[in-house]
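The next block holds one structure in the form of structure tokens; read it before the comments.
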Amino acid sequence: FQTQSLRLSDLHRKSQLWRGIVSITLIEGRELKAMDANGLSDPYVKFRLGHQKYKSKIMPKTLNPQWREQFDFHLYEERGGIIDITVWDKDAGKKDDFIGRCQVDLSNLSKEHTHKLEMPLEEGEGCLVLLVTLTASAAVTISDLSTNSLEDQKEREEILKRYSPMAMFRNMKDVGFLQVKVIRAEALMAADVTGKDSFSFCDSKYHSKTGPFWKWKKKYVTSPLFCVCFSLCSNIKDIHSVLEVTVYDEDRDRSADFLGKVAIPLLSIQNGEQKAYVLKNKQLTGPTKGVIYLEIDVIFNAVKASIRTLRPKEQKYIEEENRLSKQLLVRNFIRTKHCIMVLINAAYFISSCFDWDSPPRSLAAFLLFLFVVWNFELYMIPLALLLLLAWNYFLIISGKDNRQHDTVVEDMLEDEEEEDDRDDKDSEKKGFMNRLYAIQEVCVSVQNILDEVASLGERIKNTFNWTVPFLSCLAIVALCVFTIILYFIPLRSIVLVWGINKFTKKLRNPYAIDNNELLDFLSRVPSDVQLMQYHELKQDPSHSPSKRKKNNPG
């Protein structure tokens, strides 16, 4: 272990992972080549810089698409790099058609400046309009534990100063600082035939499955345990990101085998606490064998984090195409049904008040109705939501928590995992699905719509349930501000300011990316499925070192 630690120190001591950030805004395409029989195309764009990949949304039936999407790449080389850009036409049931390609040479662009580029497409027709900005980034490093940034008093003071309230308006994209120490892992699954001679290593990624990943350490072990101390330091662009740590078994003659992973929301981290995380399967729906010990520190500026919450969430890297899943379709239907049932139950309650099923309740509701309607002001709407947040908070601190763990979602996730296993075994027997690709795509769209609707309802519920205290506190501040504004400022003036802002937004900034602050806020609140995935599993007592020592006194 000492030899391995020295080797790690020699190879990775303060090695920098990236040197800057390249921000690309995809504005539009002009006069693209028609690839469909109707004389139009369904274009989308793929970006690639090294191992980093992005895919834009699909713009149906147009030769002059308006995307207005932003993507951020991490720049690893001092001299820059080349971004490969390809444009494709989406076709249902067959291979997508190639429209054209272009390249952006970053070495020719000056830093700290936004460049508007009109890139003609090679091997095709038309051009793309891009905005490219190169900015410096705080260093992202890997080191052994003897050189931790937060353990060095001078460096710690500099980091605390960088994210202090006095520095809230400096570099708004640099929200915070993350340091992760990997202490050890134990009781890992034996992936090889003999259960020995494995190369176990872990990698990490954050920003909710976006951003780069880091292969931290490859460690030769002869038992399902590795015990190497090393850390990663990085700046944070979104405090609502999720840190994923995955453990693999590497073989010399084939691809690495998955051993387990954990997903940890940054806002749930207790600074300086050395904690054991039970490894989960690939879908994060259930436990697998093994435990990994991590010590994580997060330092962030709350004002920057709050402002970033109201801005669009970062795009994800290209992921696997969605496929039709009966269990996933049923799960999303049940989640949507739960949200709709809340509205139906509320309607039944109001109807029962109208029917005087309970005279005392109906009388109270009638008097409340008269009082509210007679004295109604617009500021009462955010005030009522504010009271609901306060009521649920007092229920939680008084021990009367009304939040319930949804076992239905957990059962559906387990069924989905079993179905995935069956699909892998029977994939060759289901060739007829290729002939029904169009129907499958419609079903997948319905499945995804159900997921979006259910997630939206669950995110609203979890905001008021104090699932993420930071976001609930932010909602309280926003509701207080809205209440005061609506109380003191006439509605006519508010609507006038809103309309002027909307009408002049494109005039003031022609390339502005449209967004909705409320939806951006709700996108940071985890749904019930995400809460299940982020839920920490309890460690098996038989895996603890003290238990093994008692069982093996020799």
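The values are calculated or read from the model by the stated rules, or taken from the named source; none is laboratory data. If you're wondering where the values come from, they're calculated on a predicted model, not measured in any experiment. Here Cβ is always computed from backbone atoms with ideal geometry, including for glycine, and neighbour counts include all displayed protein chains. Heavy atoms of the whole protein, side chains included, go into the accessibility calculation; ligands, DNA and RNA do not. Shrake-Rupley method; radii C 1.70, N 1.55, O 1.52, S 1.80 Å.
Looking at Phe366, is it more than 30 Å from Val529 (Cβ to Cβ), assigned to a helix (DSSP H, G or I) and open to solvent by 90 Å² or more (accessible area, probe 1.4 Å)? When the stated conditions are applied, Phe366 passes them.
For segment 40-54, what are the residues that are surrounded by fewer than 19 Cβ atoms within 10 Å (Cβ to Cβ) and modelled with pLDDT of 90 or more?
Restricting attention to segment 40-54, the residues satisfying the condition of being surrounded by fewer than 19 Cβ atoms within 10 Å (Cβ to Cβ) are 40, 46, 48, 50-51, 53.
Correct list: Leu40, Lys46, Arg48.
Picking from residues in segment 447-465 that are within 30 Å of Ala92 (Cα to Cα) and open to solvent by 70 Å² or more (accessible area, probe 1.4 Å), the one that is modelled with the highest pLDDT is Leu456. From the list Phe349, Phe333, Phe354, the lone residue that is in contact (Cβ under 8 Å) with a residue 60 or more places away in the chain and among the hydrophobic types (A, V, I, L, M, F, W, C) is Phe333. Of everything listed in (1) over 15 Å from Leu130 (Cβ atoms); (2) free of Cβ contacts under 8 Å to residues at least 60 places away in the same chain, the single unmet condition for Gly20 is (2). The set of residues in segment 466-522 being part of a loop (DSSP other than H, G, I, E, B) and over 18 Å from Ile381 (Cα atoms) consists of Trp466, Thr467, Val468, Asn509, Pro510, Tyr511, Ala512, Ile513, Asp514, Asn515, Asn516. The set of residues in segment 55-70 that are open to solvent by 20 Å² or more (accessible area, probe 1.4 Å), assigned to a loop (DSSP other than H, G, I, E, B) and under 22 Å from Lys313 (Cα atoms) comprises Lys57, Ile58, Met59.
Within segment 523-554, the residues that satisfy the criterion of being in a helix (DSSP H, G or I), out of contact with any Ser or Thr (no Cβ under 6 Å at 6 or more places or on another chain) and at pLDDT 85 or above are Ser523, Asp528, Val529, Gln530, Leu531, Met532, Gln533, Tyr534.
Restricting attention to segment 486-522 and to residues that are more than 32 Å from the chain's Cα centre (by Cα) and touching a residue at least 24 places away in the same chain (Cβ under 8 Å), the residue that is most open to solvent (accessible area, probe 1.4 Å) turns out to be Tyr487.
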